[in-house]
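Here's the structure, in structure tokens; my notes come after.
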Amino acid sequence: MNSSLNIKNYLQLNPLLRIAVMLIAGEHLHLSLSTLLLLSGANLLAALLCRGKWQSTAILTTTMLFGSLLITFYHYRTDRPLPTGSVHFQALIANQPQIRGKTMRCDLLITELESKPLRRPMKVRAAILRHDERHDSQLAMGNGLIVEAEIKRPGTTTATPRFDYQRWMQVHGYEGETFIPYWKYHTAVFPLRISRLEKAKLRALTQRERLAKHFRQSQMGTEEQSLLLAMTLGDRSMLSQQTRDDFSKTGSSHILALSGLHLSIIYFMLLVFFRGHLAGHLLSLVAIWAYAMMVGLPPSVVRSATMITIYGLIAPLHRDKMSMNTLSLTAIIMLIIHPLSLWDVGFQLSFMSVAGIFIYSGPIGRLLRSRFRPLQWFTDLMATSLAAQLTTAPLVLYYFGRLATYFLLTNLIVIPLTTLILYGAVSVFATTFFSFLHSLLLRLVGSIAALLILSVQKIATLPGASIEHIYLGSRGVWLCYLLIALSTTGVWLWRQHRLSRLPRTEDHPT
């Protein structure tokens, strides 16, 4: 009875957890629109008329149906037919083109199709055949193109067993892809028929390119440049395949993708700069979202920025600011705004990692706790790493078929170095007008980046650094999480049973 009461108390303390779970469940529910509307209406009526448990059940069921409606309406709004054959269109280059062999790869926002303006720009992934430097130099972010080419639905790929290219394109807002020979396009200037949000993104990405020049024009090596661009500005286009593999083998790929660690460091740096004043809190949150916009709003960054925003807004109330309730609210907000976020690998890994830290880092930390205070940081870091690894391992095995064995050793090295790099990078950007100090900091940050790369390379070459080619199926993933949940429940019930058998202090005379 005591156990059930404690579970009930936990759910009552985190009421949004049930809402988030039901919303996610709804995205797996495939029913016709008419059926969904009928069931939603019936459940809403039941929620109004019933009381007690029946009302709670009706509310949760309505939430699940709402999740299904969100995904249905999203597809209805975004799925539009593509023209057949070669067509003429006007488009805006939406990011900085990257050289990939004989082609330039970039995103296009098509604003006009066959001389007819589109009510909503169509985002397509483009491969443009290279010709000469004059042609290539015209392909810059923000430039307009007039093109004659074919727009196709995304095809399939067999690059990795679990990578669903078509779904990836959908999640990231692409409606098609196109191949453009160099003789089939020319640059042009025309009015921008894009939303204010798209214009803001374009300006933010332009600012990112300006900041990126600080690293690209430095004297440091290419590997160091690519690492710093990935860690600070979310630009992973220069990373070599060897570097990506080394970080993957050592379980430190999260360092290359902007996440909660990166944004938290930046946020608390801003708080220190503003000295913790209320206006400073608000300015810090604005800066965090401007930074998120600048790096392209990937799901892991949006999740981190949303949680930091919640933290910043309720900090003056002195309440429990980072909890499962906060994570659940973040998931609800993101899924309402963009329902397909659920199917993004970064979204799944990011949320499972943070959920694992909330649930398991405390108990693991208590098991590892040392009475020797200087070791406290070490044991806390180990507890956090183990907790995150526990809840993300099934997904990592499903998508990548690889499990790092030295992830604890890696995190003990890369997290302190990452912190130093981020502090150093912010200092580099802040000292632009002080050339001597700017150059000195650039060299220092480059040296730390080189040390980080070398450390990861050395760990990746250790015997048994990773277990390869052990792909889990979807059923295997669900089974793993079921086993984790059952084991956690079993350990918790055993602990509750032991605590209940301990003699109470009031039973003994003083």
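Remarks
- Checklist (1) open to solvent by less than 40 Å² (accessible area, probe 1.4 Å); (2) out of contact with any Pro (no Cβ under 8 Å at 6 or more places or on another chain); (3) part of a helix (DSSP H, G or I) applied to G67, failing item: (2)
- Test for S323: is it in contact with an Asp or Glu (Cβ under 9 Å, 6 or more places away or on another chain) and modelled with pLDDT under 90: no
- L37 being open to solvent by 70 Å² or more (accessible area, probe 1.4 Å), closer than 20 Å to I24 by Cα, free of Cβ contacts under 8 Å to residues at least 40 places away in the same chain and assigned to a helix (DSSP H, G or I): yes
- Matching residues in region 223-269 - criterion: being outside any helix (DSSP H, G or I), modelled with pLDDT under 90 and within 23 Å of L386 (Cα to Cα): G251, S252, A257, L258, S259
- Single unsatisfied condition, L197 versus (1) surrounded by fewer than 17 Cβ atoms within 10 Å (Cβ to Cβ); (2) free of Cβ contacts under 8 Å to residues at least 40 places away in the same chain; (3) within 20 Å of L82 (Cα to Cα): (3)
- Among residues of region 91-118, those that are open to solvent by less than 70 Å² (accessible area, probe 1.4 Å) and part of a loop (DSSP other than H, G, I, E, B), counted: 5
- Subset tally (residues that are in contact with a Ser or Thr (Cβ under 6 Å, 6 or more places away or on another chain) and free of Cβ contacts under 8 Å to residues at least 60 places away in the same chain) for region 12-30: 3
- Checked against (1) touching a helix residue (DSSP H, G or I) at 6+ places or on another chain (Cβ under 8 Å); (2) in contact (Cβ under 8 Å) with a residue 60 or more places away in the chain, H469 passes all but condition (1).
- Sole exception among (1) modelled with pLDDT under 90; (2) charged (D, E, K, R); (3) farther than 30 Å from M238 by Cα for K116, by number: (1)
- Residue among L329, L335, L340 that alone is modelled with pLDDT of 85 or more, in contact with an Asp or Glu (Cβ under 8 Å, 6 or more places away or on another chain) and in a helix (DSSP H, G or I): L335
Each row is one residue, and each column tells you yes or no for (1) in contact with a His (Cβ under 8 Å, 6 or more places away or on another chain); (2) buried (at least 19 other Cβ atoms within 10 Å of the Cβ); (3) part of a helix (DSSP H, G or I).
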site: T410; (1), (2), (3): no, yes, yes
site: V428; (1), (2), (3): yes, yes, yes
site: L440; (1), (2), (3): no, no, yes
site: I459; (1), (2), (3): no, yes, yes
site: P463; (1), (2), (3): no, no, no
site: Y471; (1), (2), (3): no, no, no
site: V477; (1), (2), (3): no, no, yes
site: L482; (1), (2), (3): no, no, yes
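- Looking only at residues in region 236-256 that are in contact (Cβ under 8 Å) with a residue 60 or more places away in the chain and in contact with a Lys or Arg (Cβ under 8 Å, 6 or more places away or on another chain), the one that is nearest to R210 (Cα to Cα) is S248.
- Matching residues, region 266-304, being β-branched (V, I, T) and buried (at least 18 other Cβ atoms within 10 Å of the Cβ): I266, I288, V295, V301, V302
- Entirely in region 119-193, the strands (runs of 3 or more DSSP E) that have 3 or more residues that are open to solvent by less than 30 Å² (accessible area, probe 1.4 Å) and among the aliphatic types (A, V, I, L, M): 144-152
- Taking the listed residues I467, I448, the one that is surrounded by 14 or more Cβ atoms within 10 Å (Cβ to Cβ), at pLDDT 85 or above and touching a Leu at 6+ places or on another chain (Cβ under 7 Å) is I448, with no other qualifying.
The values are calculated or read from the model by the stated rules, or taken from the named source; none is laboratory data. Computed from a prediction, not measured in an experiment: that's the story for all the values here. Positions of Cβ are backbone-derived with ideal geometry, glycine not excepted, and every protein chain shown enters the neighbour counts. Calculation scope for accessible area: heavy atoms of the full protein, side chains included, ligands and nucleic acids excluded. Shrake-Rupley method; radii C 1.70, N 1.55, O 1.52, S 1.80 Å.
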